[in-house]
Amino acid sequence: MRVELGEHVFVAGRTGSGKTFLVKHYLRALSPVLVLDVKKSLTWNREDDILFTDRLSKVLQSKNKVVVYQPHWRELNLEYYDKFFEYAYSLTSASLWVDELMGVASSMKYPPFLKACLTRGRERKLSVWSVTQRPSLIPLISMSEATHMFIFDLNMKEDRKRISEIAGEEEFMERPGKYQFWYFNTVRGEIPVKARLVEGGGG
């Protein structure tokens with residue numbers, strides 16, 4: 001499954017299901033990549049030209065190929081998130097990875113520039129990778145604007161139901177199994193297919 005710049009991706013699954021492995025596989029060769037990691041749990045094997053920072057000011061000044069923003073507790077709020085997304089929106093031909101969307105946005109309230117990235121990012125070849133454990137608690141727009149969906153195992157029935165209703169595909173109600181996922185291309189509109197993570201590769 002090829003993901004082009006400007007296409008948006010939605011990835012959902014419980015902890016340990018393989019979400020991070022899959023996203024890193026796709027983004028490891030791209031540049032620039034901006035990552036918002038509110039859980040402060042990400043590592044990156046590629047050490048050349050990568051910046052880990054807990055300050056937004058360093059993100060805005062960075063020229064690194066990969067910038068992982070793990071906000072300081074004083075910056076864990078909507079104002080800083082929106083400035084981060086505004087910066088991402090200013091870039092062209094870039095990839096933006098939100099590692100846990102539930103920690104950044106709820107179904108009722110989310111950063112305005114996140115919406116701009118999702119609705120107008122394609123024109124700027126900005127790809128947004130929205131990753132979450134709880135699809136039922138996040139903005140609908142993160143799913144409705146997705147070109148590609150990768151759905152790993154989800155414990156909660158309401159999470160599987162929400163994705164199934166938005167995509168219009170009953171397959172998402174079925175749990176795919178360990179290290180497996182449903183893949184769905186929303187543009188082609190074909191039925192979801194089940195795939196498996198492969199060590200040393202992608203899905």
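The values are calculated or read from the model by the stated rules, or taken from the named source; none is laboratory data. Here the structure is a predicted model, which means the values were calculated and not measured. Cβ: placed from backbone, ideal geometry, glycine included. Neighbour counts: every protein chain shown. Accessible surface is based on the protein model in full, side chains and every heavy atom, while ligands, DNA and RNA are left aside. Shrake-Rupley method; radii C 1.70, N 1.55, O 1.52, S 1.80 Å.
Only one of the numbered conditions (1) farther than 18 Å from Val3 by Cβ; (2) of a type outside the set (S, T, N, Q); (3) touching a helix residue (DSSP H, G or I) at 6+ places or on another chain (Cβ under 6 Å) is violated by Glu100, and that is (3). Cβ-Cβ contacts under 7 Å between residues 6 or more apart (or on different chains), taken from a first residue in region 176-191 that is closer than 13 Å to Met1 by Cα and open to solvent by less than 50 Å² (accessible area, probe 1.4 Å) to a second residue that is of a type in the set (Lys, Arg) and assigned to a strand (DSSP E or B), are listed as Trp182/Lys194. Of the residues making up region 136-166, those that are in contact with a Leu (Cβ under 7 Å, 6 or more places away or on another chain), within 22 Å of Leu5 (Cα to Cα) and open to solvent by less than 10 Å² (accessible area, probe 1.4 Å) are Ser142, Phe150. The residues in region 14-43 that are modelled with pLDDT of 95 or more and out of contact with any strand residue (DSSP E or B) (no Cβ under 7 Å at 6 or more places or on another chain) can be counted, and the count is 1. Evaluate region 119-135: report whether one residue or more is exposed (fewer than 15 other Cβ atoms within 10 Å of the Cβ), more than 30 Å from Asn64 (Cα to Cα) and modelled with pLDDT under 95. Looking through region 119-135, none of the residues is exposed (fewer than 15 other Cβ atoms within 10 Å of the Cβ), more than 30 Å from Asn64 (Cα to Cα) and modelled with pLDDT under 95. Within region 104-134, the only residue that satisfies the criterion of being assigned to a helix (DSSP H, G or I), within 12 Å of the chain's Cα centre (by Cα) and in contact (Cβ under 8 Å) with a residue 60 or more places away in the chain is Leu118.
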